[in-house]
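Worksheet: the structure to be examined is printed underneath.
No lab work stands behind these numbers, since they all come straight from the coordinates. Computed from a predicted structure; not experimentally measured. For neighbour counting, all protein chains shown are included, and Cβ atoms are generated from backbone atoms with ideal geometry for every residue, glycine included.
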């Protein structure tokens, strides 16, 4: 084989496309894992030198160390053997809105034929907060900074844990809490740290 020169205890690969295969198979280096480049909301992913990727194919998965947190709708430009057209990055079929890609975390994305679907990301946690809204004995609507994941909110009134759900202490839709009974001005309403 002209592309490989065998030497005792060492193999030198001179073909540019075989080296990434050798690295993946024998060194455990995943060519589909890279650190994202680019700017906020306009990310780039570059395969190793010698890549034969000339198009994104449905089902292709990449893993990336996120370089900067997104602040809204985001796109990804992939470079393999050529620079490919930008594609949108989406989560559960919807455009990103902000903080779905967190700097310093690993994101896994799969091309679905038109966009990169975000498969997973690190969980995000909100600190303890006092929901916004007037505590006056009449107001029942309060808002949180973020929309908690279902089942991840612990809401406390004067130190007592409240029960969520219709017919209980409160309901929540997105980041809006609706209390069954309006808290008094002397009450203390606190949301414990929650995942969103």
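For the range 123-196, the Stokes-Einstein estimate of translational diffusion at 25 °C and a viscosity of 0.890 mPa s comes to 202 µm²/s, using the Kirkwood hydrodynamic radius over alpha-carbon pairs.
What FRET efficiency comes out for the pair residue 176/residue 106, r = Cβ-Cβ distance, R0 = 35 Å, nearest 0.05? Working from the Cβ atoms, E equals 0.65. The order of 97, 147, going from fewest to most other C-beta atoms within 10 Å of their C-beta, is 97, 147. Neighbour counts of C-beta atoms inside 10 Å place 116, 135, 179 in the sequence 135, 179, 116, starting with the fewest. Extension gain for the segment residue 54 to residue 150, taken as residue separation times 0.36 nm less the Cα-Cα distance, is 30.5 nm to one decimal. Annotation: the residues 40, 66, sorted from fewest to most other C-beta atoms within 10 Å of their own C-beta, follow the order 40, 66. Relative contact order of the range 31-118, please, whole-number percent, based on alpha carbon pairs below 8 angstrom and at least 6 residues apart. After rounding, I find 32 percent.
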